[in-house]
Amino acid sequence: AGSAPMEALPPYHAHNESYLQCLPELERGRPVFDRLLRINLHGMDSKWVLASYLPIQYQGEAAALGWLYDITERKNMEQALSASEKKLRGLFELSPLGIALNDMNGRFIEFKDAILKLTGYRAEELVSLDYWQLPPEKYRADEALQLQALAERGNYGPYEKEYIRKDGTPVAVRLIGMSVKLTDGREHIWSIVEDITAAKQTQE
């Protein structure tokens with residue numbers, strides 16, 4: 001069975017430093033494998049490719065045989081994801097609300113400084129605690145209902161309760177949260193915690 005003919009590419013030129021870095025290796029007779037390049041194809045949008053080059057002799061002169069693997073779609077997805085992550089990171093850092101990431105056992109994985117201010121703990125102290133050590137015992141039944149909602153709907157809240165700060169004083173909070181699966185495949189909980197002490201005092 002004959003193989004399909006190779007598709008001819010339009011003339012192109014690479015416009016990044018990686019392509020120029022290939023030339024010395026090719027001139028020394030060394031092959032180049034999987035070099036990330038962004039190329040311009042005439043009459044077409046630029047493409048991201050993984051390029052491999054094999055130095056050869058063609059009609060008595062040094063030349064290079066190249067393979068270009070189009071990864072434009074994957075690269076665009078990676079860039080979109082990176083931009084999205086930067087936006088989320090910006091919101092995370094700029095928000096005045098307390099934001100925390102906990103594993104399903106309640107251990108604090110990541111948190112904003114606002115959480116430290118709200119609870120009165122230092123960062124190294126908070127990571128040694130779990131979520132269940134912050135609220136008083138009287139909220140256990142409410143916590144069970146919120147965990148049930150998290151399992152059924154993927155989110156919980158908003159609901160109000162108290163935390164006990166490191167110095168023993170109570171602080172009124174309002175929480176909402178959602179379950180997320182991180183890159184390790186494990187479920188975690190993102191929570192937004194708002195200090196509503198002043199609002200409570202105003203109501204009273």
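For the stretch 64-88, enumerate the residues that are surrounded by fewer than 11 Cβ atoms within 10 Å (Cβ to Cβ) and of a type in the set (Gly, Ala, Ser).
Within the stretch 64-88, Ala80, Ser82, Ala83, Ser84 qualify.
Cβ-Cβ under 6 Å, sequence separation 6+ or interchain: first residue in the stretch 175-187 and open to solvent by 90 Å² or more (accessible area, probe 1.4 Å), partner in a strand (DSSP E or B). Which pairs?
Qualifying pairs under 6 Å: Met178/Asn155; Met178/Trp190; Lys181/Glu187.
Val127 fails exactly one of the following numbered conditions: (1) open to solvent by 80 Å² or more (accessible area, probe 1.4 Å); (2) out of contact with any Leu (no Cβ under 8 Å at 6 or more places or on another chain). What is the number of that condition?
(1)
List the number of the failed condition for Lys166; all other conditions in (1) under 27 Å from Leu81 (Cβ atoms); (2) open to solvent by 70 Å² or more (accessible area, probe 1.4 Å); (3) more than 21 Å from the chain's Cα centre (by Cα) hold.
With (1) under 27 Å from Leu81 (Cβ atoms); (2) open to solvent by 70 Å² or more (accessible area, probe 1.4 Å); (3) more than 21 Å from the chain's Cα centre (by Cα) applied to Lys166, the lone miss is (1).
Any residue at all in the stretch 153-160 that is free of Cβ contacts under 8 Å to residues at least 60 places away in the same chain, assigned to a strand (DSSP E or B) and at positive phi? Can you show your working first?
To start, the set of residues in the stretch 153-160 that are free of Cβ contacts under 8 Å to residues at least 60 places away in the same chain comprises 153-160.
From what's left, assigned to a strand (DSSP E or B): 155-160.
Subset that is at positive phi: 157.
Checked against the condition, which is being free of Cβ contacts under 8 Å to residues at least 60 places away in the same chain, assigned to a strand (DSSP E or B) and at positive phi, the stretch 153-160 yields at least one hit.
So which of Lys47, Lys112, Lys117 is touching a helix residue (DSSP H, G or I) at 6+ places or on another chain (Cβ under 6 Å) and of a type in the set (Lys, Arg)?
Values: Lys112 fails: touching a helix residue (DSSP H, G or I) at 6+ places or on another chain (Cβ under 6 Å); Lys117 fails: touching a helix residue (DSSP H, G or I) at 6+ places or on another chain (Cβ under 6 Å).
Going through Lys47, Lys112, Lys117 in turn, the sole match is Lys47.
I'm checking my understanding of the structure. Among residues of the stretch 152-163 that are open to solvent by 70 Å² or more (accessible area, probe 1.4 Å) and in contact with a strand residue (DSSP E or B) (Cβ under 8 Å, 6 or more places away or on another chain), which one is farthest from Lys117 (Cα to Cα)? Spell out how you get there, then give the answer.
If we filter the stretch 152-163 for residues that are open to solvent by 70 Å² or more (accessible area, probe 1.4 Å), which is where we start, we get 152-153, 158, 160.
Then keep just the ones that are in contact with a strand residue (DSSP E or B) (Cβ under 8 Å, 6 or more places away or on another chain); that gives 158, 160.
Values: Pro158: 21, Glu160: 18 Å.
Filtering the stretch 152-163 for residues that are open to solvent by 70 Å² or more (accessible area, probe 1.4 Å) and in contact with a strand residue (DSSP E or B) (Cβ under 8 Å, 6 or more places away or on another chain), the one farthest from Lys117 (Cα to Cα) comes out as Pro158.
For residues in the stretch 188-204 being among the aliphatic types (A, V, I, L, M), over 10 Å from Asp103 (Cα atoms) and surrounded by 15 or more Cβ atoms within 10 Å (Cβ to Cβ), which is farthest from the chain's Cα centre (by Cα)? Don't jump to the end; show me each part of the working.
Pass one, the stretch 188-204, residues among the aliphatic types (A, V, I, L, M): 189, 192-193, 196, 198-199.
The next check asks that each one be over 10 Å from Asp103 (Cα atoms); those that pass are 192-193, 196, 198-199.
In the following step, the residues that additionally are surrounded by 15 or more Cβ atoms within 10 Å (Cβ to Cβ) were identified as 192-193, 196.
Working: Ile192: 18, Val193: 21, Ile196: 30 Å.
Filtering first and then ranking leaves Ile196.
Among the residues of the stretch 30-63, which ones are among the small types (Gly, Ala, Ser), in contact (Cβ under 8 Å) with a residue 24 or more places away in the chain and open to solvent by 50 Å² or more (accessible area, probe 1.4 Å)?
Gly43, Ala62
Consider Ala149 carefully, then state whether it is among the hydrophobic types (A, V, I, L, M, F, W, C), part of a helix (DSSP H, G or I) and open to solvent by less than 60 Å² (accessible area, probe 1.4 Å). Steps first, please.
Working: among the hydrophobic types (A, V, I, L, M, F, W, C): yes; part of a helix (DSSP H, G or I): yes; open to solvent by less than 60 Å² (accessible area, probe 1.4 Å): yes.
In short, yes.
Among the residues of the stretch 168-185, are any closer than 28 Å to Gln201 by Cβ and not in a strand (DSSP E or B)? Break it down into steps so the answer makes sense when it comes.
First, the residues of the stretch 168-185 that are closer than 28 Å to Gln201 by Cβ: 168-177.
Keeping just the survivors that are not in a strand (DSSP E or B) gives 168-169.
Yes, the stretch 168-185 contains at least one residue that is closer than 28 Å to Gln201 by Cβ and not in a strand (DSSP E or B).
Does any residue in the stretch 127-138 that is within 8 Å of Gly106 (Cα to Cα) and outside any helix (DSSP H, G or I) come within less than 8 Å, Cβ to Cβ, of a residue that is open to solvent by 30 Å² or more (accessible area, probe 1.4 Å) and charged (D, E, K, R) six or more places away or on a different chain, and which pairs are these?
Asp130/Arg107
The values are calculated or read from the model by the stated rules, or taken from the named source; none is laboratory data. None of these values were measured; they are calculated from a predicted model. In this analysis, Cβ positions are derived from the backbone assuming ideal geometry, glycine residues included, and neighbour counts consider all displayed protein chains. The area values use the complete protein model at the heavy-atom level, side chains included, leaving out ligands, DNA and RNA. Shrake-Rupley method; radii C 1.70, N 1.55, O 1.52, S 1.80 Å.
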